[in-house]
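Peer 1: Once you've had a glance at the structure underneath, I'll fire off some questions.
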Amino acid sequence: MSAIVFDMMNNAGLIIEGADIGEISTLALISLFTDARADESDTVPDGSTDLRGWPGDSFYSEPWGSKLWLLYREKMTTDLRNKAVKYAEDALAWMLRDNGEGVVAKSVQVTGSIPKFQTLALNVVITKPDDEVISFTVSRRWETQSAV
């Protein structure tokens, strides 16, 4: 199963492959593509002071979302791929913590690749407590928008 999601306002698209878009994969996608608040030490891509973040974070002890948005204007490199994997792992780490009702996942693995020119792919494999494995790949065309 594949899905293409296109955001016309921002001229951006994602291709999601291999996911039965169910509860766990939906939560993972929300975690990956909700903007986490940047730290003061992070470089904001547009040079502004807007650290973004989800307003609902004020109701939770841990922030929601990922910092993938910080990478959107960077040049596609191995280093960028590695940062994206780290940000994705951080965004999905909540699935491994017991909030009093058990964990959502026994394991979460993220690998990254650059399968074709200017495209970043993140492969996510989530193993649920009952050993069911959910995997999907999210691909995004990456274009440096403010290159010098």
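The values are calculated or read from the model by the stated rules, or taken from the named source; none is laboratory data. Everything numeric in this text was worked out from a predicted model, so none of it was measured. When we count neighbours, we look across all protein chains shown, and the Cβ atoms used for this are built from the backbone with ideal geometry, even at glycine.
Peer 1: If you scan the stretch 45-59, which residues turn out to be assigned to a loop (DSSP other than H, G, I, E, B) and among the aromatic types (Phe, Trp, Tyr)?
Peer 2: Within the stretch 45-59, Trp54 is the sole residue that qualifies.
Peer 1: Sticking with this structure for a sec: Which residues, taken from the stretch 136-148, are within 19 Å of Asn82 (Cα to Cα) and either modelled with pLDDT of 90 or more or part of a loop (DSSP other than H, G, I, E, B) (or both)?
Peer 2: Trp142, Glu143, Thr144
Peer 1: Same structure again: Regarding Ser135, is this residue in contact (Cβ under 8 Å) with a residue 12 or more places away in the chain and either within 18 Å of Glu23 (Cα to Cα) or out of contact with any helix residue (DSSP H, G or I) (no Cβ under 7 Å at 6 or more places or on another chain) (or both)?
Peer 2: Yes: the conditions hold for Ser135.
Peer 1: While we're on this one: Restricting attention to the stretch 92-132, which residues are within 13 Å of the chain's Cα centre (by Cα), free of Cβ contacts under 8 Å to residues at least 60 places away in the same chain and in a helix (DSSP H, G or I)?
Peer 2: Across the stretch 92-132, the qualifying residue is only Ala93.
Peer 1: When only residues in the stretch 25-79 that are surrounded by 14 or more Cβ atoms within 10 Å (Cβ to Cβ) and polar (S, T, N, Q) count, which is nearest to Asn99 (Cα to Cα)?
Peer 2: The qualifying residue nearest to Asn99 (Cα to Cα) is Ser31.
Peer 1: Of all residues in the stretch 60-82, which are assigned to a helix (DSSP H, G or I), touching a strand residue (DSSP E or B) at 6+ places or on another chain (Cβ under 9 Å) and either at pLDDT 95 or above or not hydrophobic (A, V, I, L, M, F, W, C) (or both)?
Peer 2: Thr78, Arg81, Asn82
Peer 1: Can you say whether Asn82 is in contact (Cβ under 8 Å) with a residue 24 or more places away in the chain, polar (S, T, N, Q) and either under 22 Å from Gly22 (Cα atoms) or exposed (fewer than 13 other Cβ atoms within 10 Å of the Cβ) (or both), as far as the supplied structure shows?
Peer 2: yes
Peer 1: Pick from the stretch 23-45 the residues that are closer than 27 Å to Thr137 by Cα and among the charged types (D, E, K, R): which of them is nearest to the chain's Cα centre (by Cα)?
Peer 2: Restricting to residues being closer than 27 Å to Thr137 by Cα and among the charged types (D, E, K, R), the top hit is Asp35.
Peer 1: A follow-up question, please. Could you tell me whether Phe117 is aromatic (Phe, Trp, Tyr), modelled with pLDDT under 90 and crowded, with 20+ Cβ neighbours inside 10 Å?
Peer 2: For Phe117, the condition - aromatic (Phe, Trp, Tyr), modelled with pLDDT under 90 and crowded, with 20+ Cβ neighbours inside 10 Å - is not met.
Peer 1: Confirm whether Glu89 is among the acidic types (Asp, Glu) and not in a helix (DSSP H, G or I).
Peer 2: On the way: among the acidic types (Asp, Glu): yes; not in a helix (DSSP H, G or I): no.
When the stated conditions are applied, Glu89 does not pass them.
Here's the yes/no breakdown for (1) among the small types (Gly, Ala, Ser); (2) out of contact with any helix residue (DSSP H, G or I) (no Cβ under 9 Å at 6 or more places or on another chain); (3) in a loop (DSSP other than H, G, I, E, B); (4) modelled with pLDDT of 85 or more:
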| position | (1), (2), (3), (4) |
| --- | --- |
| Ala19 | yes, no, yes, no |
| Arg37 | no, no, yes, yes |
| Glu40 | no, yes, yes, yes |
| Thr43 | no, no, yes, yes |
